[in-house]
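Below: one structure, written as structure tokens.
The values are calculated or read from the model by the stated rules, or taken from the named source; none is laboratory data. Here the structure is a predicted model, which means the values were calculated and not measured. As a convention, Cβ positions derive from the backbone with ideal geometry for all residues, glycine included, and neighbour counts pool all protein chains shown.
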Amino acid sequence: MAWIACGRLAGAASAAVLALSLAACQQGLEGRAVSAAGVPVAVETIEGAPAGLQDKVNAEVASQASARRIEIVSGEAQPRYRLKGYLTAYSTGEGETALAIVWDVFDSSRKRAQRVSTTTLAKGQADDPWSKIGESQIAKATAQSMNDVAAFLAGAGGPAGAGARVAGGAALGYTPDE
């Protein structure tokens, strides 16, 4: 009889460990940096930011990519993937200003493999929405977008080839065949 009670206790403990492990996996995409070690990537363009913010955006992208172990290489180095980034700032209907970042991820044959996007908000509005975008919005948006890129790279192109994707193409408004 005691061995049945031990078996039930072990099963309950296993279920608890599994639940905590799954929670940690979800946290990885939302709160912690995802690693994309071993996947060479070239950043081809980052368009949209005004000249006064472009250097800050470039530096933040480099920092966030490094934190996720995304291997940034030159375009001549034959990267496995290429990134093209697009930024925009705009006023929302709720009295705030949004910063949106979109990354198109292209494979080695230059076919779009994935699109990831993120948006972060700043308080207030102005005639020039970029005037409301500061370093904290740039840092938050680039951190989340690089997490999404790293998650795709780790699943689609990483050494393990796990196959996990950040979000389906259709959910972001395109299909991979486009």
Just one of SER21, SER63, SER91, SER14 is loosely packed, with under 15 Cβ neighbours inside 10 Å and at pLDDT 90 or above; which is it? SER63
Here is a list: LYS111, LYS84. Which entry is out of contact with any Phe, Trp or Tyr (no Cβ under 9 Å at 6 or more places or on another chain) and charged (D, E, K, R)? LYS111
Please count how many residues of segment 54-98 are under 19 Å from ASP148 (Cβ atoms) and either in a strand (DSSP E or B) or of a type in the set (A, V, I, L, M, F, W, C) (or both). 17
Subset of segment 46-98 [touching a Ser or Thr at 6+ places or on another chain (Cβ under 9 Å) and of a type in the set (Val, Ile, Thr)]: VAL57, VAL61, ILE70, ILE72, THR97
For residues in segment 111-128 being without any contact (Cβ under 8 Å) to a residue 60 or more places away in the chain and more than 19 Å from GLN144 (Cβ to Cβ), which is surrounded by the fewest Cβ atoms within 10 Å (Cβ to Cβ)? ASP127
Taking the conditions exactly as written (within 20 Å of ALA67 (Cα to Cα), of a type outside the set (Asp, Glu), without any contact (Cβ under 8 Å) to a residue 60 or more places away in the chain and part of a helix (DSSP H, G or I)), does SER136 satisfy them or not? yes
For GLU71, the lone unmet condition from (1) surrounded by 16 or more Cβ atoms within 10 Å (Cβ to Cβ); (2) among the acidic types (Asp, Glu); (3) out of contact with any strand residue (DSSP E or B) (no Cβ under 8 Å at 6 or more places or on another chain) is (3)
